[in-house]
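The values are calculated or read from the model by the stated rules, or taken from the named source; none is laboratory data. Please read these numbers as outputs of a predicted model, since none were measured by experiment. Counting neighbours? That spans all protein chains shown, and the Cβs are built from the backbone with ideal geometry, glycine included. For the accessible areas, the whole protein counts, side chains as well, though only heavy atoms, and no ligand, DNA or RNA atoms are used. Shrake-Rupley method; radii C 1.70, N 1.55, O 1.52, S 1.80 Å.
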Amino acid sequence: MAQVEATTERVVAADAETVFDALADYSGTRAKLLPQHFSEYEVREGGDGEGTLVHWKLQATSKRVRDCLLEVSEPTDGELVEKDRNSSMVTTWRVTPAGEGGSRVVVHTTWQGAGGVGGFFEKTFAPKGLGRIYDEVLDKLATEVEK
């Protein structure tokens, strides 16, 4: 099994606190940011950053659906970490200031991929697919916070 990693980033024309608050708002804003790849979204505990437990299904391809139950933590300022109870997947969102009134948002996901030939294809193609999905999330985030 090989570790698979996907990273996507974007500079958003809104201050870091506003951007972080939007990402951490699982009971409100976050659901609006998710593209059609996400379904069955449900906040099960909390709803605002640290201590949130959120569920969704992520359909990365027509055949690949992940049932995710994510525990949210905030290990440092400007950082949200979503650890999936159902797999080895961990997604880290980092929001830092970038220029005058702007923010850089970096989303980084890792998980233990399959072994063998399937693992080779997963490691080769999954990061690009997940990157496209998170590009959509970041587009919607920018639209939401740049109002």
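Across the range 34-70, the qualifying residues are those that are within 25 Å of G131 (Cβ to Cβ) and among the basic types (K, R), and the one among them that is surrounded by the fewest Cβ atoms within 10 Å (Cβ to Cβ) is K63.
Within the range 26-42, can you find the residues that are among the charged types (D, E, K, R) and touching a helix residue (DSSP H, G or I) at 6+ places or on another chain (Cβ under 9 Å)? Within the range 26-42, R30, K32 meet the criteria. Taken as a whole, the structure leaves A22 outside the set of residues that are of a type in the set (G, A, S), buried (at least 18 other Cβ atoms within 10 Å of the Cβ) and in contact with a strand residue (DSSP E or B) (Cβ under 7 Å, 6 or more places away or on another chain).
What about E79, is it at pLDDT 95 or above and farther than 21 Å from H37 by Cβ? Judged against the criteria, E79 is a match.
For the range 82-103, the condition holds for no residue, the condition being that it is open to solvent by less than 40 Å² (accessible area, probe 1.4 Å), of a type in the set (G, A, S), closer than 14 Å to E5 by Cα and modelled with pLDDT under 95. Being closer than 22 Å to G131 by Cβ and either open to solvent by less than 40 Å² (accessible area, probe 1.4 Å) or of a type outside the set (A, V, I, L, M) (or both) is the requirement here; does A16 meet it? So A16 does not fit the description; no.
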